[in-house]
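Input: one structure, supplied below.
Taken together, the values in this text are just the output of simple stated rules run on the coordinates, not laboratory data. Worth saying up front: this structure is predicted, and the values here are computed from it rather than measured. Cβ coordinates were reconstructed from backbone atoms using ideal geometry, including for glycine residues, and neighbour counts include every protein chain displayed.
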Amino acid sequence: MSVPAVPDRIVLSLEKIADIARNSFDVEAIDIEELNGYDDKNFRIVDNKRSGRKLVLKIINSIDSRKPELFEAQTLLLLHLGKHGVNCPKPVLTQSGELFVKHKLESGEHIVRLFDYIDGAVLHKTSYSGDLFYQIGRAVAEMNEVMKDFKHEAYSNHKTIWMLESLPQLHRFFHAVKAENRRNLVKTIVDIFIANVLPLSEMLPRGLIHGDVNEQNLLVENGDLKAILDYGDCHVGCYLYELAITMTYMMVLDKNIEAGSHVLAGYSSVRKLNKVEYSLLKVCVCARLCQSLVLGAYKALKDPENTYVLTTAAYGWTLLEKLWKTPSEELLDVWKTHL
C-alpha cells in the first residue's frame, strides 16, 4: 500500500454548488451552508422546489472519486440499512435515476452525491452522558447485525490506510510526529499490534463494519442518539475493531477512560465479546489512537488550513499515554463496570 496522495482542496463558489444541485438533482437551492469534512466537501442545502426540504450535497475528493464501484456499494448499503430500521442518511437519486453523478472541477473529477438531511446536533457540539454512550455502543452493534445481510463485490478486497489491519503501513507517516517520545510510543504500540493482534484477525468474529464511528459522525437530539453518519470508511473487518474505534473516540470526547465502559455495556447488550477479544481490546484502542493521531498530523502537514484533521490531537496524546501505562487487567475492570 503506497503513501496516499493528499487530494487537492476543493474550492467552489456557492453559485457553482447551486448549479450542480440544480442540473444534477433538480434542486433549487435557496440556502447553502458548508458542513465539516475530512477530505470531502459537504453542504447543507434548502430546496425551494420541495417546500424547504433540507438536503446534504457531498462532493467526494478527486482521489476517492476514482472508485465509483465503492460509492455504488455505499449507497446501496445505506438503502439496505434504512430499509431495516437503521437511522442513517437516505440517498437521493439524480434526475436520471442514478446513485450519483460525476463533475469535472478545477481540482479534478469528483463524484457528487445527495442525501436527505437529518436534523440533530453533532455529538461533539452538544452535551453527552453515560446513557448516550450506552446508546451509541448498542446502536453500533445493532448496525453491524443488519450489515451481515448486505453483500457487494466492492467490499471484498477494499483496503485503505484507515483500516486497523493497515496499521503496519503507519510507519510511513511517523515523520509527521515531531516529538521523539511520541514517535517511540507509537512504534511500540504498532509493533505489538502486528505481533499480537494481526495473526488472530482472521479467526476473530468479522463482517462489514462502519470503521469510523466518532464524535463527528453521530447526531443527537434531546440527549438521545438519532443517527450514525458517514459510511465512507465501511469495510470488512473484525467486530472488535468497530467496538475499539467507537470506544476510542468517546473516551477522547469525554476526556475520561470510563466513557468506554458505557460504550462497551451498550455494545455487549447486543453482542458479547469472547475472551480473546477482551485480551486484545486495550491494544486495539491504542492502535486506533495511534492511527488517528499520526494520520491527522500527516494530513495537517499537507493541508495546514484543515483544522478538522487535528480534532483527536487535542486530548488524544494524553489519553494514549494514560491508556498505555495502565495494565490491561486494570483497564478491563474499569471498562466492565457496567456489564
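Along Cα→Cβ, 7 Å out, is where each label goes; now give me the distance between the ones at Ser129 and Leu339 in nm to one decimal.
Taking the simple label geometry, Ser129 and Leu339 are separated by 2.5 nm.
Go ahead and run the numbers for FRET between Tyr315 and Leu200, Cβ-Cβ distance against an R0 of 22 Å, rounding to 0.05.
Efficiency computed from Cβ-Cβ geometry: 0.15.
Calculate the all-directions average of the projected area of the range 30-163's alpha-carbon convex hull, and give it in nm².
Computed as one quarter of the Cα hull surface, the answer is 10.1 nm².
Can I ask one more? What is the total of Lys pairs in the range 55-134 with C-alpha atoms under 16 Å apart, excluding same-chain pairs fewer than 8 positions apart?
So the count works out to 6.
Using a Förster distance of 25 Å, how high is the FRET efficiency between Arg44 and Leu301, based on the Cβ-Cβ distance and rounded to 0.05?
Efficiency at R0 = 25 Å is approximately 0.25.
Here's another thing I want to ask about it. Pick from Val56, Val112, Val276: which residue has the top mean-square fluctuation in a GNM of the chain where Cα pairs under 10 Å get a spring?
Of the options given, Val276 has the highest mean-square fluctuation.
Let me ask something else. Taking Rh as the Kirkwood radius, which is the inverse of the mean 1/r over Cα pairs, what is the Rg/Rh value for the range 168-262?
On the Cα set of the range 168-262, Rg over Rh gives 1.01.
Along the charge dipole of the chain, pointing to its positive end and built from +1/-1 on Cβ of Lys, Arg, Asp and Glu, which listed residue (Ala297, Pro68, Ile32) has its Cα farthest out?
Ala297
Using only the Cα atoms of the range 265-331, what semi-axes does the equivalent ellipsoid have when each is the square root of 5 times a gyration tensor eigenvalue? Give whole Å, largest first.
The equivalent ellipsoid of the range 265-331 has semi-axes of 29, 14, 10 Å.
Give a residue-ordered list of calculated ³J(HN,Hα) values for the range 102-118 (Karplus: 6.51 cos²θ - 1.76 cosθ + 1.60, θ = phi - 60°; whole Hz; x for Gly, Pro).
Each residue of the range 102-118 in turn: 10, 10, 8, 10, 4, 8, x, 8, 10, 6, 10, 10, 10, 9, 5, 7, 9 Hz.
Right, here's the next one. Stokes-Einstein at 25 °C, 0.890 mPa s, Kirkwood radius from Cα pairs: D for the range 1-96 in µm² s⁻¹?
165 µm²/s
To continue, here is another question. Suppose only helical runs count, i.e. DSSP H with n ≥ 4. What mean residue ellipticity at 222 nm does that imply for the chain under -39500 (n - 2.57) per run, divided by all residues and rounded to the nearest 500 deg cm²/dmol?
-13500 deg cm²/dmol
Still on this model: In whole angstrom, how far apart do the alpha carbon centroids of the range 129-159 and the range 205-222 sit?
One Cα centre to the other: 7 Å.
While we're looking at this one, here's another question. Please grab the % of Cα pairs in the range 122-205 that end up more than 20 Å from each other.
Of all Cα-Cα distances in the range 122-205, 60 percent exceed 20 Å.
Could you please tell me the mean projected area of the C-alpha convex hull for the range 122-335, averaged over all directions and given in square nanometres to one decimal?
11.4 nm²
Right, next: Under a 5 Å amide H to amide H cut-off, with H placed in plane at 1.01 Å, what residues pair with Asp31 once short-range neighbours are removed?
Distant-sequence amide H within range of Asp31: Val46.
Sticking with this one: Which whole-Hz ³J(HN,Hα) couplings does the range 212-228 yield from phi under the Karplus relation 6.51 cos²θ - 1.76 cosθ + 1.60, θ = phi - 60°, glycine and proline marked x?
7, 6, 9, 5, 8, 10, 10, 9, 10, 9, 6, x, 10, 5, 9, 7, 9
If you don't mind, there's one more thing I want to ask. Å³ per residue of the Cα convex hull, for the range 221-282?
Dividing the Cα hull volume of the range 221-282 by its residue count gives 113 Å³.
Another question, then. Along the charge dipole of the chain, which of Leu77, Val140, Asn181 sits closest to the positive end, that is, farthest toward it, with unit charges on the beta carbon of Lys, Arg, Asp and Glu (+1, +1, -1, -1)?
Farthest along the dipole direction, towards plus: Asn181.
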